[in-house]
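Chemist: Following this message is one structure expressed as structure tokens.
The values are calculated or read from the model by the stated rules, or taken from the named source; none is laboratory data. These numbers come from a predicted model, not from an experiment. Glycine gets a Cβ as well: all are built from the backbone with ideal geometry, and neighbour counts include every protein chain shown.
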Amino acid sequence: MKFESVYKSLFSFLLKTSLILWLIVNPGALFAMQCSSIFEEAHQASKKAEFVEALSYWEQLFEDCPQYSFGSKTYFRSFALQNFEEEISDKISSTGFFSYQFKSHLDRGLAAAALNLWDDAETEFNWILKRNPENPYALYNLGSISLSKANWIQALEFFNRASLAKSDFLLALSNQALTLYQLGHLDQAELELRGIVQKYPMFADARAALSALLWHKGFLGEAKSNWAAAVGLDNRYKRQDWLLKIRRWPPEPTKDLLAFLALENS
């Protein structure tokens, strides 16, 4: 029996070691596992008619895992609305009603923001905040609009509130650090980015931002190390058009990352 126990422990160790090695040499497999996990979260939230939560997961999926997005948001809208209709008899309460309304206003706000219709988008997000002042998704998107308007202090306030309302809201945490970077608070930005990377090592945005910041501060070797990890997770950060038009970092970290990339490609 003792030999059998030792054998099982050894087998388990070898299996785990093999899996880790396989993931190291096959980073795409780990990326696929992450995308699958996000999809499952989105699917389950939609099934429960938790539309605001579901929208966050679907948006993350469409942004980070386009191969899982079915090319559009049609699946999310049809699934969520159908699910809501099926359960509407059980959700006549104000909670269920307002959850659906929140989703509608958030969706319209996101659509307006995508078209750079900032006033329309702000109206939708502020409607949510009047009813739920600490809604992290409305706060985050108002922060993003403030970034687009170069209102850095207001953006920082919104991102801080969003991250306090939802402690694992990674884009809010990353944008908070990027806004500090923009404001010239480099040490604090570095501290926050390192904290994100340590806690969420597979989050590419923070690693890319840390690469730019470290390059700016003259730590080229460490910048390259973080950059290798960032592009291994998400190679869109190599694309200037994506960084400027879609991800929309503030100008100072964007400028530094592009200068770093120019050095890398020289």
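Chemist: What are the residues in the stretch 142-178 that are polar (S, T, N, Q), closer than 22 Å to residue 200 by Cα and in a helix (DSSP H, G or I), if any? Spell out how you get there, then give the answer.
Modeler: Filtering the stretch 142-178 for residues polar (S, T, N, Q) gives 144, 146, 148, 151, 154, 160, 163, 167, 174-176.
Those still in the list that are closer than 22 Å to residue 200 by Cα too: 144, 160, 163, 167, 174-176.
Matches in the stretch 142-178: 144, 160, 163, 174, 175, 176.
Chemist: List pairs: first residue in the stretch 114-130 and under 19 Å from residue 247 (Cα atoms) and without any contact (Cβ under 8 Å) to a residue 40 or more places away in the chain, second residue hydroxyl-bearing (Ser, Thr, Tyr) and surrounded by fewer than 16 Cβ atoms within 10 Å (Cβ to Cβ) anywhere in the structure, Cβ distance under 9 angstrom, at least six positions apart or on different chains.
Modeler: These pairs meet every condition: 116/148; 118/148.
Chemist: For the subset of the stretch 144-162 comprising residues that are touching a residue at least 24 places away in the same chain (Cβ under 8 Å) and more than 13 Å from residue 248 (Cβ to Cβ), which member is nearest to the chain's Cα centre (by Cα)?
Modeler: Filtering first and then ranking leaves 162.
Chemist: Moving on to the next point. Spot the failing condition for residue 207; the list is (1) at pLDDT below 95; (2) crowded, with 24+ Cβ neighbours inside 10 Å, and only one is missed.
Modeler: (1)
Chemist: Follow-up. May I ask you to list pairs of residues, at least six apart or on different chains, whose Cβ atoms are under 6 Å apart, with the first in the stretch 242-266 being of a type in the set (Phe, Trp, Tyr) and the second being in a helix (DSSP H, G or I)?
Modeler: Listed by first residue and then by second, the contacts come to 242/236; 249/178; 260/212; 260/215.
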